[in-house]
Each structure stands twice: as C-alpha cells, then as structure tokens.
Amino acid sequence: MKTQTAKSSAVMPVPGEKLQWCKDLISIGDLGPEGVKRMLDLTMLVKTRPAEFRQSLAGKQIVLFFEKPSLRTRLTFEAGMNGLGGTSFFFDQTNSRLGAREKLSDIAHNLERWVDGIVLRTFEHTTVTEMAEHAGIPVINGLSSLEHPCQALADYFTLTEKFDDLKKIRLAYVGDANNVAHSLMLTAACLGSRITVATPNGYKPDAHILSTALEIAAETGASIEVTHDVRAAVKGADAVYTDVWASMGQESEAVNRKKTFAPYQVNEELFAHAAPHAIFMHCLPAHRGDEVTDEVIDSSRSVVFDQAENRMHAQKAVMLVLLGSEIKRLPQRSAHV
Ligand code: CP
Ligand code: NVA
C-alpha cells in the first residue's frame, strides 16, 4: 500500500498542446498503453488542480443518451462538464432504444450539427460503434454490453492512489466477466499490471476481448489470467473487485444467477484469502447480500466511494482529450505531479 504521495511520471501537457489523441472512447483499446497512461496522468492533474481547468471546455456542449438507468455515470459527466465550463443535455432513452424512431446514422448527422460530443449508455455495443462511425464528433461509451471504459479508467486511477507501482500488484475480479471486467482486463493489459478474472462456467470473458488483452499484455508485460477457481484467484491479491451478478437488462435471469454465482460472493471468508493489505472494489450499484456482504463493502478496506469520486475526475480528462481542449498555460506542479 502507498505510504506517501507517490511521484507521477506524468507527461505534462504543454501550453497550446491540443489534447486530442483519439476521436472516440468506445473501448479501452482506443487509447492503447500510451493513451491510458496519459489519461491517468491528466486525471491526476484535473483532480489536484481543478481550478486550472474550470474554463477549459467553455462553449462546448455534450449530449447524453441513456437506454439504461444511471446514478454515477450521468451525474459525473454532467457535473464534470459543468466543472470544465461546458454544458450537457440528458436524454432518457429507457423507454425506447436509440434507433427505434429514426436511423442511428440520421441521429448522428443531426447531433454533429448541434453539439460537440455524445455520451451513450446502450444495450447493444454496436449502437455505440455505429454512432461513432457516422458522427463527426466524439462518441464516449458510458457503458455498453461489452465495455465500460470510463469505469475502468477511474478504477485504475484509484489503484494508482493506493499502490506505488501498478506493475507489482494483482487485481482479482470475481463474478460475471462482462462490460466492467472486460474494460478492467484491457486497462490492466495497457498498464502492464496483473489481473485474474474468476467466473463460473459459462460467464467467462468475451474471447475477442481476452485475445486483445493478451496481445497488449505481450507488449507491456502484463499478466491476464482467467479461471473458475475463485479461492486461487483471490489468494494473495492486492485488490478484490466484484460487480452485480445480473447486469441491467438481465433482471429475468437474477434468480438462476444467484445459485450459479453464490460461491463467488465476496464475504469476509473469501476476502480473508487476499493479501492482508488488500482493498475491496466495486463499480456500484451493489446488490448487497448477493455479490458482496455489508461487512466487506462497509469495511475500512473498501474503496468504492473513492472509485465513484474518481469517475468524475477521469471523465473530465476524457472530455478534455476528446473535445480537443487546449492547455492555455502549464498548471503549476503540485505535490502530486
Ligand atoms: N458504475 C456505474 O456506471 O454506475 P451507474 O450505473 O450509476 O452509472
Ligand atoms: N455490469 C453492470 C455494471 C453497472 C455499472 C451492468 O451492466 O449493469
């Protein structure tokens, strides 16, 4: 665990540098190892020097279309955009999917005339990719069936605050290997870190995500493991992470999933197998009593609200990069950078 504020190897933006490295954030793979590192560095700057960025996106506007409920993602994008001097508009799409009323390409060609960026929360991952294909403005994945990249950036930023060297720690992800787990695997791969994903049979990570993570890991020295053995996965881990057993849209499967996932509950007995300094992580919302017990999530080793806070800082960094902000002057160095 960190004993003091670590020095970041942050690549400081220089005055006049246009912070645009990629058009969209649909997958962590869009950033790659260098992009993920730079995004975490920028998150650190934004978190420690918020006043420096208060007008960075003045005059810019984003729109959020959400087909599923949200507390954290919606509010952290809206508050984050406001904190950068920009404006956001929210469209509740929980009653009709995007593309039901008109073609996604037609929506994209309207939006690009009015606003500077689009945040989507969708059932189908292809809704996000199709919007990005047609829109001439940045598209950010605010959770799809396949990935939750903004969550993983905030989570690995949280890990940088708790541990000195991400290359030396191992995160054990326990539960359903879908959107959150996929983005964590790709982020671990980009950062040269170690992750073990433990799932019941039938809930393994997507094969393409796994092969992409392994390809990146071959380049960065990361370790990506997948197993059904939950105890072996948690044994000695520096961080234990879980997510709901039935994701949004899978509510009808909840009863059956409870039986399948029961051995994967993060309770005091399972958590005791982790390293003595291990922290507990969860993207939230938590289904207490299912994937995690109150004793673990409410313990002093739980960092779930740090993760939630860091969603806003990480997404500010994402918006600064994608919306093409310029750093007008170099932020003064703080103790953190
Ligand atoms: N973790 C997360 O994305 O939370 P919300 O579903 O509340 O946005
Ligand atoms: N896997 C969960 C994540 C919620 C943030 C879901 O898709 O509902």
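Any read-out appearing in this document is the output of simple, stated calculations on the displayed coordinates, not a laboratory observation. Note that the coordinates shown come from a computational prediction; the quantities given were computed from them, not determined experimentally. For neighbour counting, all protein chains shown are included, and Cβ atoms are generated from backbone atoms with ideal geometry for every residue, glycine included.
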| Per-pair calculated FRET efficiency, R0 = 22 Å: Val255 and Lys68 via Cβ, rounded to 0.05 | 0.60
| Efficiency of FRET between Trp114 and Ala51 - r from beta-carbon atoms, R0 25 angstrom, step 0.05 | 0.25
| field | Label-point separation in nm, Phe91 to Lys23, each point 7 Å along Cα→Cβ | value | 1.9
| Mean separation of Cα contacts under 8 Å, 6 or more apart, over the residue count of the chain: relative contact order % | 25
| query | the stretch 132-286: percent of C-alpha pairs farther apart than 18 Å? | reply | 57
| Whether the stretch 201-297 is rounded, prolate or oblate, judged on the alpha carbon gyration tensor where a/c under 1.5 counts as rounded | oblate
| If you place +1 on the Cβ of every Lys and Arg and -1 on the Cβ of every Asp and Glu, how big does the dipole about the Cα centre of the chain come out, in debye to the nearest 20? | 860
| message | Could you work out how much longer the chain between Lys103 and Asn82 gets when fully extended? Use 0.36 nm per residue separation minus the Cα distance between them, nm to one decimal. | response | 4.6 nm
| remark: From DSSP H assignment alone, runs of 4+ in the chain each adding -39500 (n - 2.57), the sum over residues rounded to the nearest 500 puts [θ] at 222 nm at -11500 deg cm²/dmol
| query | If you take the square roots of the eigenvalues of the alpha-carbon gyration tensor of the stretch 226-272 and sort them as a ≥ b ≥ c, do you get rounded (a/c under 1.5), prolate (a/b over b/c) or oblate? | reply | prolate
| query | So how far, in whole Å, is the C-alpha centre of the stretch 73-119 from the one of the stretch 155-174? | reply | 32
| said: As a test of the definition: which semi-axes, in Å, follow for the stretch 104-221 when you take the square root of five times each eigenvalue of its alpha carbon gyration tensor? Largest first, please. | reply: 30, 17, 12
| For Tyr264, Tyr203, Tyr241, what ranking results if the residue with the fewest other Cβ atoms within 10 Å of its Cβ goes first? | Tyr203, Tyr264, Tyr241
| Share of antiparallel DSSP beta bridges in the chain, in percent to the nearest 5? | 5
| Given the options Ala79, Ala317, Ala188, which has the most mean-square fluctuation in a GNM of the chain, springs set between C-alpha atoms less than 10 angstrom apart? | Ala79
| request: For a label point 7 Å from the Cα of Asp229 along Cα→C-beta, name the residues of the stretch 265-308 whose backbone N is under 20 Å from it. | output: 265-267, 269-276
| request: Find the percent of Cα-Cα distances in the stretch 76-139 that exceed 13 Å, and round it to a whole number. | output: 65
| Can you sort Asp24, Asp229, Asp306 by how many other beta carbons sit within 10 Å, fewest first? | Asp229, Asp306, Asp24
| field | Whole-number Å³ per residue for the convex hull built on Cα positions in the stretch 49-106 | value | 83
| Kirkwood Rh and Cα Rg combined as Rg over Rh, evaluated for the stretch 262-324 | 1.13
| note | Taking the reciprocal of mean 1/r across every pair of different Cα atoms in the stretch 157-203, the Kirkwood radius in Å is 11.2
| message | I want to check the label-to-label distance for Lys168 and Glu124. Put each point 7 Å from Cα in the C-beta direction and report it in nm to one decimal. | response | 4.8
| request: Rounded to the nearest Å, what's the spacing between the alpha carbon centres of the stretch 183-238 and the stretch 273-289? Just the number, please. | output: 17
| message | As an exercise, take the mean of 1/r over every pair of distinct alpha carbons in the chain, invert it, and state the Kirkwood radius in angstroms. | response | 20.2
| Residues in the stretch 86-101 reached by a label modelled at Glu133 [backbone nitrogen below 20 Å; 7 Å Cα→Cβ] | 97-101
